[in-house]
Every structure is written in structure tokens, then in C-alpha cells.
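Structure record follows, encoded as C-alpha cells.
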Amino acid sequence: MMMAMYKRTYRTFSADETTDLGRHIARMLKPGDVLALYGDLAAGKTTLTRGLAEEFQANQPATSPTFTLINEYPGILTLYHFDCYRIKDAREILYLGFEEYLDMGGIVVVEWPQKIETFLPEDTIRIRLIRSESREDVREITIESPEERHVNFGC
């Protein structure tokens, strides 16, 4: 059975605003939440994640884990940041311990989630980032979640 979903679109006009949106999203999260970030290269996925990490007072700024596949950011809540861009077969994510990370009580963020869609929990918060074709810094960011608190936070 499909879950009812709430959906809202935000527009940011700079990298700083995208980072700020990440901070607002972080305030609505609880341990165990999973975020799937969809978007082309340079859409702002890591910039949004940087805001999450900052809000959780991570021990270092978030960077793209393209080559390491996962970065961990301990803080108020630990952020587990996966980048699946280089994954060829969805099962590869299991060798990284993905299912265990889902149960560790932190926040799991997945870039390029379409590569591992079958392993994402049903209640995953899906965030789509689209870069404006006419203005490089403008992003349209759509959040879709089974919980209203993830999409309507007065920002």
C-alpha cells in the first residue's frame, strides 16, 4: 500500500540559501530519518547536506563522498552521507553496511539514490534539486515526505 505523501517546493537564490534550507530541514528530523537527494551534478545536493551537518554541529564541514562513498559527521546527531554516483549494482550498497547505518540512530543522507532505490525505506524523505537553466545559483528544491513536518517548516 502506498503511503500518503506531503510535498512542498522551495526556491533558493544562492549557495548560502541552499545551506540555510538544509539547516531548516535538519530541525525537523529525528534519529533514523533517511533523506534521498535527487539532482544532476552541481544541483546542490552536497550544499544542502552541508546545512544539515552544520545544524547538527558536525565536527567538520560536509563534503561530497564521491570517492569514499560514505562520510560520517558526528555531532548532536551523526550524519551518514552516502554518494552512490559510482555504484554500478544496487547490491554494492549492502557491502558498505547500508542496512546497519539505517539502524544506528543517526540521519542517513543518500546522493544519487536512484542507484539503490530498492534498498531505501518506504518512509524516506525525497528531495529533488533542480538548477535553474538561466541563473546558475537558483535552485528549485522539492521535498516529499510521508510526514508533514518535513515539508512545512515555515522557511
If only one of Ile116, Ile141 is more than 16 Å from Arg50 (Cβ to Cβ), among the aliphatic types (A, V, I, L, M) and buried (at least 16 other Cβ atoms within 10 Å of the Cβ), which one is it? Ile116
Pairs under 6 Å by beta carbon, first residue in contact (Cβ under 8 Å) with a residue 60 or more places away in the chain in the range 101-128, partner of a type in the set (D, E, K, R) and in a strand (DSSP E or B), six or more apart or different chains? Glu111/Asp83; Arg126/Glu144
Report the residue count in the range 127-138 for those that are at pLDDT 95 or above and touching a helix residue (DSSP H, G or I) at 6+ places or on another chain (Cβ under 8 Å). 2
Taking Asp20, is it without any contact (Cβ under 8 Å) to a residue 12 or more places away in the chain, part of a helix (DSSP H, G or I) and surrounded by fewer than 21 Cβ atoms within 10 Å (Cβ to Cβ)? no
Closer than 11 Å to Leu79 by Cα, assigned to a helix (DSSP H, G or I) and under 14 Å from the mean Cα position of the chain (by Cα) - does that describe any residue in the range 29-37? no
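Would you point out the residue of the range 61-87, among those that are assigned to a strand (DSSP E or B), hydrophobic (A, V, I, L, M, F, W, C) and within 19 Å of Gly39 (Cα to Cα), that is nearest to the chain's Cα centre (by Cα)?
Among residues in the range 61-87 that are assigned to a strand (DSSP E or B), hydrophobic (A, V, I, L, M, F, W, C) and within 19 Å of Gly39 (Cα to Cα), the one nearest to the chain's Cα centre (by Cα) is Phe82.
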Please determine whether any residue of the range 41-53 is in a loop (DSSP other than H, G, I, E, B), more than 13 Å from the chain's Cα centre (by Cα) and surrounded by fewer than 21 Cβ atoms within 10 Å (Cβ to Cβ). yes
For Tyr80, which of the numbered conditions (1) in contact with a Gly (Cβ under 6 Å, 6 or more places away or on another chain); (2) at pLDDT below 95; (3) of a type outside the set (Val, Ile, Thr) fails to hold? (2)
With Leu79, Leu94, Leu69 as the choices, which residue is buried (at least 21 other Cβ atoms within 10 Å of the Cβ), in contact (Cβ under 8 Å) with a residue 12 or more places away in the chain and hydrophobic (A, V, I, L, M, F, W, C)? Leu79
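The values are calculated or read from the model by the stated rules, or taken from the named source; none is laboratory data. Note that the structure is a prediction, hence the values are computed from the model and not measured. Cβ atoms come from the backbone with ideal geometry, glycine included; neighbour counts cover every protein chain shown.
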